[in-house]
């Protein structure tokens, strides 16, 4: 069974064509830096491996480019679109309506659209991916795998806000959590590595979007992204945690509308707001050149993550493993070093030489004296989405 997986992030689209149940990846790739002048398109199969640098203005153009590559008569891996049995879509926000993988119909799409205001950087491209896939692969079953599903195990003491009960009872305002497929995948791999059924793991997903999860015995008990996708860690264009009084000040004293505040905190803040750049590779290069604001932004980013590590170690009442994943988490030895420095009290000791090694394989990068395993585990949200899609449609 050939299943196409699309994973539309805030500035990228990952994709894989996977044969199941063999779990054979027929091709995979990435469209990144969407919206920037020089977008990059990656495509890799057994016979072809190439990159294109072109302008991809939005997610729709990116998804159409992916479909064209899959069906290309020379470099493609499909003779016709009907070979695709199902398309598994990562959908960031399922709200209270969805707690498991779901076949997509008109009502599901309507529900995804209704959550645009809560996840404005993600649900719109997620829905666009669904609608493009429906046109290109009309005979395939369309399946939604929700980021929020893995975090349904967060207990009430952690998922409720201290606001009047009516907002919880009638409006379902609560912590939902995101990056669920990633946290679920890497925590399962981490449990296999540490070989402990009863385990305390902190998963750190760092990319353009960032989140952390406290995972006890394989189940999420807390997470940094919350009701929407804006809070928690400092992200590429999102502010992360912010005093609510700042929002009120922007509105009441500076005259910002709610739409302007949303745009400010979602698309103009984070690393972009601090440095004028949203791509961590560019920021690290600038910091290495001695530029002050990139250096400060990296320090702020690491400090925020360290605060969450301390909080989650307390919530878990122990810590067996710290897991880095996501594009930045897997590839930035600079960020990993900054985060793990001066964490001796928690028993975290990073091996500097192991940390500096570039690899696409899962690996341990702690010293022999470290009480906590420090792991780099490349996430494979696409395989997790394919696995859940296959279970639903087989």
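Would you point out the residue of the range 122-141, among those that are touching a helix residue (DSSP H, G or I) at 6+ places or on another chain (Cβ under 6 Å) and not in a helix (DSSP H, G or I), that is surrounded by the most Cβ atoms within 10 Å (Cβ to Cβ)?
Among residues in the range 122-141 that are touching a helix residue (DSSP H, G or I) at 6+ places or on another chain (Cβ under 6 Å) and not in a helix (DSSP H, G or I), the one surrounded by the most Cβ atoms within 10 Å (Cβ to Cβ) is 137.
Would you pick out the residues in the range 232-259 that are over 28 Å from residue 204 (Cβ atoms) and either in contact with a helix residue (DSSP H, G or I) (Cβ under 8 Å, 6 or more places away or on another chain) or in contact (Cβ under 8 Å) with a residue 24 or more places away in the chain (or both)?
Across the range 232-259, the qualifying residues are 250, 251, 256, 257, 258.
Would you tally the residues in the range 77-101 being modelled with pLDDT of 95 or more and within 20 Å of the chain's Cα centre (by Cα)?
Result for the range 77-101: 3.
Restricting the range 1-24 to residues that are surrounded by fewer than 20 Cβ atoms within 10 Å (Cβ to Cβ) and touching a residue at least 60 places away in the same chain (Cβ under 8 Å), which is farthest from residue 124 (Cα to Cα)?
21
Could you tell me whether residue 284 is in contact with a helix residue (DSSP H, G or I) (Cβ under 6 Å, 6 or more places away or on another chain) and assigned to a helix (DSSP H, G or I)? It would help to see each step written out before you state the result.
On the way: in contact with a helix residue (DSSP H, G or I) (Cβ under 6 Å, 6 or more places away or on another chain): yes; assigned to a helix (DSSP H, G or I): yes.
Spelling it out, residue 284 is indeed in contact with a helix residue (DSSP H, G or I) (Cβ under 6 Å, 6 or more places away or on another chain) and assigned to a helix (DSSP H, G or I).
Scan the range 32-53 for residues that are under 20 Å from residue 81 (Cα atoms) and either in contact with a strand residue (DSSP E or B) (Cβ under 6 Å, 6 or more places away or on another chain) or in a strand (DSSP E or B) (or both) and jot them down.
43, 44, 45
Of the numbered conditions (1) more than 23 Å from the chain's Cα centre (by Cα); (2) on the phi > 0 side of the Ramachandran plot, residue 23 fails exactly one; give the number of that condition.
Looking at each condition in turn, residue 23 falls short on (1).
When the residues of the range 288-299 are filtered to those that are in contact (Cβ under 8 Å) with a residue 24 or more places away in the chain and surrounded by 15 or more Cβ atoms within 10 Å (Cβ to Cβ), which remaining residue is farthest from residue 332 (Cα to Cα)? Give the derivation first.
Taking the range 288-299 as the starting set, the residues that turn out to be in contact (Cβ under 8 Å) with a residue 24 or more places away in the chain are 297-299.
Next cut, surrounded by 15 or more Cβ atoms within 10 Å (Cβ to Cβ) only: 297-298.
Details: 297: 15, 298: 11 Å.
Applying the filter and picking the extreme gives 297.
Considering each of 112, 56 in turn, give the residue that is over 27 Å from residue 183 (Cα atoms) and either in contact with a helix residue (DSSP H, G or I) (Cβ under 6 Å, 6 or more places away or on another chain) or crowded, with 23+ Cβ neighbours inside 10 Å (or both).
Details: 112 fails: over 27 Å from residue 183 (Cα atoms).
None of the others qualify; the one that does is 56.
From (1) at pLDDT 95 or above; (2) surrounded by 15 or more Cβ atoms within 10 Å (Cβ to Cβ); (3) outside the structural domain of residue 302 (by TED's automatic domain parsing); (4) out of contact with any strand residue (DSSP E or B) (no Cβ under 7 Å at 6 or more places or on another chain), pick out the condition that doesn't hold for residue 162.
Of everything listed in (1) at pLDDT 95 or above; (2) surrounded by 15 or more Cβ atoms within 10 Å (Cβ to Cβ); (3) outside the structural domain of residue 302 (by TED's automatic domain parsing); (4) out of contact with any strand residue (DSSP E or B) (no Cβ under 7 Å at 6 or more places or on another chain), residue 162 misses just condition (2).
Listed residues 56, 74; which is assigned to a loop (DSSP other than H, G, I, E, B), in contact with a strand residue (DSSP E or B) (Cβ under 8 Å, 6 or more places away or on another chain) and at pLDDT below 95? If you could, list the steps in order and put the result at the bottom.
Values: 74 fails: in contact with a strand residue (DSSP E or B) (Cβ under 8 Å, 6 or more places away or on another chain).
Answer to the selection: 56.
Working only within the range 349-384, note down all residues that are surrounded by 20 or more Cβ atoms within 10 Å (Cβ to Cβ), closer than 29 Å to residue 18 by Cα and modelled with pLDDT of 95 or more.
Scanning the range 349-384 gives 375, 376, 377.
Based on this model, can you work out whether residue 309 counts as surrounded by fewer than 19 Cβ atoms within 10 Å (Cβ to Cβ) and assigned by TED's automatic domain parsing to the domain that holds residue 209? Reasoning before the result, please.
On the way: surrounded by fewer than 19 Cβ atoms within 10 Å (Cβ to Cβ): no; assigned by TED's automatic domain parsing to the domain that holds residue 209: yes.
Taking the combined requirement at face value, the residue does not satisfy it.
The values are calculated or read from the model by the stated rules, or taken from the named source; none is laboratory data. Predicted model, so just to flag it, every value in this text is computed and none were measured. Don't worry about glycine lacking a Cβ; one is built from the backbone with ideal geometry, like all the others, and counts go over all protein chains shown.
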